[in-house]
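The values are calculated or read from the model by the stated rules, or taken from the named source; none is laboratory data. Keep in mind it's a predicted model, so treat the numbers as computed, not measured. Here Cβ is always computed from backbone atoms with ideal geometry, including for glycine, and neighbour counts include all displayed protein chains.
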Amino acid sequence: MSAAPRRWVFAVMGAVVIGALLFRVGLPIRITSETRQVYEQLESLDSSDVVMISFDHEASSLPEIGPIGSAIIDHCLRRGTKIIGLALFSEGTAAGYSLLGDRARRAGAVEGEDWLYLGFRPQYAAAILGMGEDIPQVFETDYQGRPLSGTPLGMRVHDYRDIAIVVSLSDGSMPTYWVEYAGARYGARVVAALTAVMVTSFLPYLESGQLAGIVPGMKGAAEYEQLMGLPAAGTRGMDAQSAAHVVIAVLVVLGNIQAWSDRRRARRSP
Amino acid sequence: MLRDWLSVGVAMAAGLFMTVQYFLVSESANAAYRTVLLWMQIVFAFALIIGVIGVLRIHLKKLSRPGSGRIYSGTLLAGAVLMSVFGFSGGIERGSAFLWVFDNLQAPMQSTVFSLLAFYVASAAYRGFRARSMESAVLVIAALIVLIGRVPVGEWLSPHIPESADWILNVPALAAKRAILIGIGLGMIATSLKVIAGLERTYLGGR
Amino acid sequence: MNRPRQLSCLLSSLLPGLTALPVAAAETPADSLSGGWLAAGRNAELAGIILCVIALGVTAWLARRGRTPRLRSLPALDAIGNALGRATEQGTPVVYITGWGGDMARPTTMASMVILSEVAQNAAGMNCRLIFPSHDPLVASVAQETVQQAARTAGRPDWYRPDDVAFVSQSQLGYAAAVDGLMARERPGAVFLLGTFEGEALILAETAHQSRAVTIAGTDSTIQLSFLLVACDYTLIGEELFAASGLVAKDQTIAAAVWGQDWLRYLIITTLLAGGALFSIWGFNLGAWLTG
């Protein structure tokens, strides 16, 4: 493809997405079984349960991961379920701390009692396996450097048996490692909240029951917000995503029409 | 030569121990396993330090040479120094300069690169998704159904579109993915066994 | 690295998938360490490892006796020489990327290193510059050794430039931006994308295409595979990458391993068919039985 049509493709895509963000249409959002499955599992927990949220993503995917993470965190806080946050990607560390801290403070949750942020550990395979043996051995202190044994929530968790659900907020293949190491080895119940581009990679794990649920991208966030009755960033992004998908579909059709006419012209010319 | 044999020996011994340990009920083996997990994290942290030193060395060298790339190397070095100073002096908690830079500079800049995907998907779809044969025509039609069916506009057009998209993803696409995954899994198992047997030595760097 | 652990966990995670029947793997902890000195609930993994050892051992033994099957040629591999030749004629470098998703523990990265060694040897022979930007310090260090060794093997030790094989950034999009910038500045004649890729795959492939480079890709990431198939000139699909490493290195052990994997594949197909038949006719869940 030459530079000129590429520029047009980019310009049309940019204009359509910006337009959809500025002028809301409010298309109806269908709740998929994948998102409902996750929602119902978190809904079944109460204040005696602990959910581990692993921020396995980069800063780059925050616009998509952020709404999913916010919806899940808000749901846990509303149910009174305790949250332990951590990051297995260095960049997810600060992003996770900001997101979890902001949502918890808005809900009036107390750090150390209702939520705790453990920070980052390198070498994700060893970290996931290590937490199956002894969480305080992998994370002796929380993100602020306070001993884990010094907080009520930190004292409650020893290994995955004390964690009701592990949620991996991921823009990559990290949920695979959670399934292979925490799920298969220690029986942890793993849920993957993913960027849309990664969703189909994890459907086999969902089908076989190795993943307890999937929240699929921005659409999953929008569905989760609908289930909670609190439309937010995910719902707002749906019009733009719809518009982008339509543009790509139109481009595929146009590309094929052009290729077909080129072939026809080539056949006619001697 | 001795170094190679030592590396292969360590890999084989560690490999055998970790495999046997997985199937054993033994407190001492479990304690050794926990220690190895901690070592792995420590070794990786040191590898990161070596990597960072390598990056700094290369860019210091580039900075000292005349050329148009100096500005990039300078920016990288300035960023590395500033973030380290912010982190060590002001901490990393809420309200710190470190977190401010992360939230307001790094995250938006990286999101910008991520957003390029939308444009590249569009141009790649326009350029590459051509129905040149019956098989590729089926692929193009399936792609169009999934594209429209996975967003609200599909539901708005017809409830059959999202249903068809779900079927495509959950039946034919999933079957193909599962087959590829099993094939890849077998490749991984074969490689793993070759490492334990000392036949696979790629990690030594071509020696 | 933790390869055997990965092997055991990989097997245990594959088993429910093999039978294609949903089993409550997450609700039945495999870690029930009770009874005797053998861990309970891991018989299936143990049997799986034994079967793999037998299949791969027998094929390796047969290979030593000269009974290795011929691996079919792959168009992507045939294109490597032409791509290098084109880059040399144009006076442009080639860029080799193993993907952001793979570390040195990943078999795809190992397979990619074997191909890198061959590409580097040929590039050194043609005096074509090779750039290897890495996202992982360990991968960078192994690649440095690999390229340096390849230069020595090609009889051109002076060709190796340490600064061209280096760690760039662990950040996914930081890495993608750095490699994009590199491609925009250097205008490579060929770009090799062989390894485990994630979200950066299409960004790199499209930039390579815009730089008018020949793009040769191969990955085990199923979702990125679809992007690479659309955006690249040649693509190795999934396990073809492992076979490719055997083909380029002309290594009998790799060819034997590919043969062994074929044996295991037949076993899996038989198990799948048997599992489906047992469940359909008698309602017996083979997947649940295998995973305890």
Residue match in the stretch C:75-85 (condition: under 16 Å from the mean Cα position of the chain (by Cα) and at pLDDT below 95): yes
Which pairs do you get when a residue that is over 18 Å from residue C:243 (Cβ atoms), found in the stretch B:181-207, comes within reach of a residue that is at pLDDT 80 or above and assigned to a loop (DSSP other than H, G, I, E, B), reach meaning Cβ atoms under 7 angstrom, with the pair 6+ apart or on two chains? B:203/C:104
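Could you pull out the residue among A:87, A:71, A:94, A:126 that is surrounded by 23 or more Cβ atoms within 10 Å (Cβ to Cβ) and touching a Gly at 6+ places or on another chain (Cβ under 6 Å)?
Values: A:71 fails: touching a Gly at 6+ places or on another chain (Cβ under 6 Å); A:94 fails: touching a Gly at 6+ places or on another chain (Cβ under 6 Å); A:126 fails: touching a Gly at 6+ places or on another chain (Cβ under 6 Å).
Result of the check over A:87, A:71, A:94, A:126: A:87.
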Could you list all residues from the stretch C:175-210 that are polar (S, T, N, Q) and modelled with pLDDT under 90? C:210
Which condition breaks for residue B:49 when tested against (1) of a type in the set (Val, Ile, Thr); (2) farther than 19 Å from residue A:121 by Cβ; (3) within 12 Å of chain C (Cβ to nearest Cβ)? (2)
Those residues of the stretch A:5-48 which are of a type in the set (Lys, Arg), assigned to a helix (DSSP H, G or I) and within 24 Å of residue B:155 (Cβ to Cβ) amount to A:36
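For the stretch A:191-246, how many residues meet the condition of being hydroxyl-bearing (Ser, Thr, Tyr) and touching a Gly at 6+ places or on another chain (Cβ under 6 Å)? Walk me through it before giving the result.
Looking only at the stretch A:191-246, we keep the residues that are hydroxyl-bearing (Ser, Thr, Tyr), and these are A:195, A:200-201, A:205, A:208, A:224, A:235, A:242.
This time we only want the ones that are touching a Gly at 6+ places or on another chain (Cβ under 6 Å), so: A:195, A:208.
Here the count works out to 2.
Each row is one residue, and each column tells you yes or no for (1) crowded, with 19+ Cβ neighbours inside 10 Å; (2) within 14 Å of chain C (Cβ to nearest Cβ); (3) more than 29 Å from residue A:217 (Cβ to Cβ).
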position	(1), (2), (3)
A:113	no, no, yes
A:137	no, no, yes
A:148	yes, no, yes
A:160	yes, yes, no
A:163	yes, yes, no
A:172	yes, yes, no
A:175	yes, yes, no
A:184	yes, yes, no
Pick from C:267, C:241, C:247, C:228: which is in contact (Cβ under 8 Å) with a residue 12 or more places away in the chain, under 25 Å from residue A:173 (Cβ atoms) and more than 9 Å from chain B (Cβ to nearest Cβ)? C:228
So residue C:159 ticks every box in (1) under 20 Å from residue B:52 (Cα atoms); (2) buried (at least 21 other Cβ atoms within 10 Å of the Cβ) but one. Which box is left unticked? (1)
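Here is a yes/no grid of residues against (1) farther than 21 Å from residue A:76 by Cβ; (2) in contact (Cβ under 8 Å) with a residue 40 or more places away in the chain:
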site	(1), (2)
A:165	no, yes
A:170	no, yes
A:177	yes, yes
A:203	yes, no
A:223	no, yes
A:252	yes, no
Of (1) in contact with a Lys or Arg (Cβ under 9 Å, 6 or more places away or on another chain); (2) within 14 Å of chain C (Cβ to nearest Cβ), residue A:102 satisfies all except one. Which? (2)
Taking only pairs six or more apart or across chains, which ones have beta-carbon atoms under 6 Å, a first residue in the stretch A:36-49 that is within 17 Å of residue A:221 (Cβ to Cβ), and a second residue that is modelled with pLDDT of 95 or more and acidic (Asp, Glu)? none
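It is to be established whether one or more residues within the stretch C:158-168 are in contact with a His (Cβ under 8 Å, 6 or more places away or on another chain), farther than 17 Å from residue C:216 by Cβ and facing chain B (nearest Cβ under 10 Å).
Keep residues of the stretch C:158-168 that are in contact with a His (Cβ under 8 Å, 6 or more places away or on another chain), which gives C:167-168.
Okay, now just the ones that are also farther than 17 Å from residue C:216 by Cβ, so C:167-168.
The next check asks that each one be facing chain B (nearest Cβ under 10 Å); those that pass are C:167-168.
Checked the stretch C:158-168: at least one residue is in contact with a His (Cβ under 8 Å, 6 or more places away or on another chain), farther than 17 Å from residue C:216 by Cβ and facing chain B (nearest Cβ under 10 Å).
Given the residues B:58, B:42, B:49, which is the only one that is within 21 Å of residue C:140 (Cβ to Cβ), touching an Asp or Glu at 6+ places or on another chain (Cβ under 8 Å) and of a type in the set (A, V, I, L, M)?
B:58
Residue check: is residue A:179 modelled with pLDDT of 95 or more, buried (at least 23 other Cβ atoms within 10 Å of the Cβ) and either basic (Lys, Arg) or closer than 29 Å to residue C:100 by Cβ (or both)?
On the way: modelled with pLDDT of 95 or more: no; buried (at least 23 other Cβ atoms within 10 Å of the Cβ): yes; either basic (Lys, Arg) or closer than 29 Å to residue C:100 by Cβ (or both): yes.
It is false that residue A:179 is modelled with pLDDT of 95 or more, buried (at least 23 other Cβ atoms within 10 Å of the Cβ) and either basic (Lys, Arg) or closer than 29 Å to residue C:100 by Cβ (or both).
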Any idea which residue in the stretch C:44-82 is nearest to the other protein chains (Cβ to nearest Cβ), counting only those that are buried (at least 19 other Cβ atoms within 10 Å of the Cβ) and under 14 Å from residue C:252 (Cα atoms)? C:56
Which of the residues belonging to the stretch A:50-60 are modelled with pLDDT of 90 or more and either within 13 Å of residue A:222 (Cβ to Cβ) or buried (at least 24 other Cβ atoms within 10 Å of the Cβ) (or both)? A:51, A:52, A:53, A:54, A:55, A:56, A:57
If you go through the stretch B:158-204 one residue at a time, how many are within 30 Å of residue B:19 (Cβ to Cβ) and of a type in the set (Asp, Glu)? 1
Kindly provide the set of residues from the stretch C:161-174 that are of a type in the set (Asp, Glu) and modelled with pLDDT under 90, ordered by number. C:163
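Name every residue in the stretch A:186-201 that is hydroxyl-bearing (Ser, Thr, Tyr) and either crowded, with 24+ Cβ neighbours inside 10 Å or in a loop (DSSP other than H, G, I, E, B) (or both), in order of residue number. Show your work before the answer.
Taking the stretch A:186-201 first, the residues hydroxyl-bearing (Ser, Thr, Tyr) are A:186, A:195, A:200-201.
The one that is hydroxyl-bearing (Ser, Thr, Tyr) and either crowded, with 24+ Cβ neighbours inside 10 Å or in a loop (DSSP other than H, G, I, E, B) (or both): A:195.
If you check residue C:199 against the conditions, is it under 21 Å from residue B:113 (Cα atoms), surrounded by 23 or more Cβ atoms within 10 Å (Cβ to Cβ) and facing chain B (nearest Cβ under 8 Å)? Give the steps one after another, and end with the answer.
Working: under 21 Å from residue B:113 (Cα atoms): yes; surrounded by 23 or more Cβ atoms within 10 Å (Cβ to Cβ): yes; facing chain B (nearest Cβ under 8 Å): yes.
Criteria met by residue C:199.
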Just one of the numbered conditions (1) out of contact with any Ser or Thr (no Cβ under 6 Å at 6 or more places or on another chain); (2) crowded, with 24+ Cβ neighbours inside 10 Å is not true of residue C:217; which one? (1)
Before we move on, is residue A:68 under 14 Å from residue A:224 (Cβ atoms) and part of a loop (DSSP other than H, G, I, E, B)? no
Selected residue [more than 9 Å from chain B (Cβ to nearest Cβ), among the aliphatic types (A, V, I, L, M) and farther than 22 Å from residue A:41 by Cβ] from A:250, A:215: A:250
Checked the stretch A:202-245 for anything modelled with pLDDT of 90 or more, within 16 Å of the chain's Cα centre (by Cα) and part of a loop (DSSP other than H, G, I, E, B); matches are A:211, A:212
